[in-house]
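Structure first, commentary second.
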Amino acid sequence: MKRLDRKDLLGLEGMSAEELKLILDTAQSFREISERPVKKVPALRGKTVVNLFFEPSTRTRASFELAEKRLSADNVNISKSTSSVVKGESLRDTAENLQAMKIDVIVIRHSASGAPHFLASLLDASVINAGDGAHEHPTQGLLDVFTLRDKLGDLNDKKIVIVGDIAHSRVARSNIFGLVTLGARVTVCGPPTMMPVKIEDLGVSVETDLRRAVEGADAVNVLRVQLERQNVNLFPSLAEYSVIYGVNKDIVAGMKPDGVVLHPGPMNRGVEISHDVADSDRAVILQQVTNGVAVRMAVLYLICEGARESAFDEPAEVEQQLNTKSV
Ligand code: CP
């Protein structure tokens, strides 16, 4: 497969192993660009991307902005607090006004699950989901899978544990869809109050005891406790959560000796992850962030290539872009 035949990237649910591998392999090629003295290739010259962030973000927003710049796309950044949404404009009107300016891609983060799907059905421009409510965060899922593949090789039969607030986590859902499709054995672990009903139907096993969950694990992906998405207290206190579900040195000792620890960020140090684990050489948290730029470059490139008209009938080769001198 050389081409991603999709206008939008809304989630990893339903994405084939072939599509996932195309994105991961393309990201692998693009990763090297960020190591160059001049970190820029002309792959998306002439394309315009709008980053529409209606929720706070450090990593995802900066990562998309850098990915767009490194591919030579023009970009515009809009946040909720500085947009006309505060004057009462609807998401639909905002998006249609942006499209009227002849943009090519909207990258959207929104607190409402389904907001990117709504825009995708409305607009000719491509839509990339940068995290929608508790639904999906596909580029985070992809960069987590990319980092795991980088560290562990083929993910088939690897044991990956996702620990924390599974019910409120879009990161967990995207990870589950991507990892199960690639043949990994996924265990989800967390308090019963944070475990969605019938989560097993997604092809994962459930364990409420963290020590049992991590036995022989190749990787543990630690989720942030998302206090802002809880309407009720789902556990008695942060201190109690930390004692029962916090990933610390003792928990890591139960994993495979070369097992790795991931966290999507932002971290609540001392709650879901201890300082010593976060800063240890078992943690690949900053490598995830580095890989995120390459993954987002790949997604932007493949989505724009997929949306191209007949003038670009032949699939453009990433190789050709890489061999193009930095601009
Ligand atoms: N992982 C993640 O989505 O981080 P940000 O909220 O900082 O973008």
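The values are calculated or read from the model by the stated rules, or taken from the named source; none is laboratory data. Note that the coordinates shown come from a computational prediction; the quantities given were computed from them, not determined experimentally. FYI the Cβ positions are ideal-geometry reconstructions off the backbone, even for glycines, and counts take in every protein chain you see. Side chains included, ligands, DNA and RNA excluded: accessible areas come from the protein's heavy atoms. Shrake-Rupley method; radii C 1.70, N 1.55, O 1.52, S 1.80 Å.
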Can you name the condition, by its number, that LEU71 falls short on among (1) open to solvent by 30 Å² or more (accessible area, probe 1.4 Å); (2) in contact with a Leu (Cβ under 6 Å, 6 or more places away or on another chain)?
(1)
Number of the condition not met by LEU52 [criteria: (1) touching a helix residue (DSSP H, G or I) at 6+ places or on another chain (Cβ under 9 Å); (2) modelled with pLDDT under 95; (3) within 16 Å of the ligand (Cβ to nearest atom)]:
(2)
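This table checks each residue for (1) closer than 30 Å to GLU65 by Cβ; (2) in contact with a strand residue (DSSP E or B) (Cβ under 9 Å, 6 or more places away or on another chain); (3) open to solvent by less than 10 Å² (accessible area, probe 1.4 Å); (4) touching a residue at least 60 places away in the same chain (Cβ under 8 Å).
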residue	(1), (2), (3), (4)
ILE128	yes, yes, yes, yes
GLY131	yes, yes, yes, yes
ASP154	no, no, no, no
ILE160	yes, yes, yes, yes
THR181	yes, no, no, yes
VAL206	no, yes, no, no
Would it be correct to say that LEU52 is assigned to a loop (DSSP other than H, G, I, E, B) and closer than 22 Å to LEU123 by Cβ?
no
Out of (1) more than 16 Å from the ligand (Cβ to nearest atom); (2) buried (at least 22 other Cβ atoms within 10 Å of the Cβ), the one THR60 does not meet is (1)
Pick from SER111, SER169: which is within 13 Å of the ligand (Cβ to nearest atom) and open to solvent by 20 Å² or more (accessible area, probe 1.4 Å)?
SER111
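Give ARG149, ARG92 a once-over and let me know the one that is in contact (Cβ under 8 Å) with a residue 60 or more places away in the chain, open to solvent by 40 Å² or more (accessible area, probe 1.4 Å) and farther than 27 Å from ILE244 by Cβ. Talk me through it step by step, then tell me what you get.
Details: ARG92 fails: in contact (Cβ under 8 Å) with a residue 60 or more places away in the chain.
It is ARG149.
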Scanning for something within 16 Å of the ligand (Cβ to nearest atom) and part of a loop (DSSP other than H, G, I, E, B), does the stretch 63-82 turn up at least one residue?
no
Show the residue pairs that are 6+ apart or on different chains and have beta-carbon atoms under 6 Å apart, the first residue being within the stretch 47-73 and among the aromatic types (Phe, Trp, Tyr), the second being within 11 Å of the ligand (Cβ to nearest atom) and open to solvent by 10 Å² or more (accessible area, probe 1.4 Å).
PHE53/ARG61; PHE53/ARG109
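With respect to LEU24, determine if the residue is surrounded by 14 or more Cβ atoms within 10 Å (Cβ to Cβ), at pLDDT 95 or above and over 22 Å from the mean Cα position of the chain (by Cα).
Against the criterion (surrounded by 14 or more Cβ atoms within 10 Å (Cβ to Cβ), at pLDDT 95 or above and over 22 Å from the mean Cα position of the chain (by Cα)), LEU24 does not qualify.
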Select from the stretch 173-195 the residues that are more than 17 Å from the chain's Cα centre (by Cα) and in a helix (DSSP H, G or I) and list them in ascending order.
PRO192, THR193, MET194
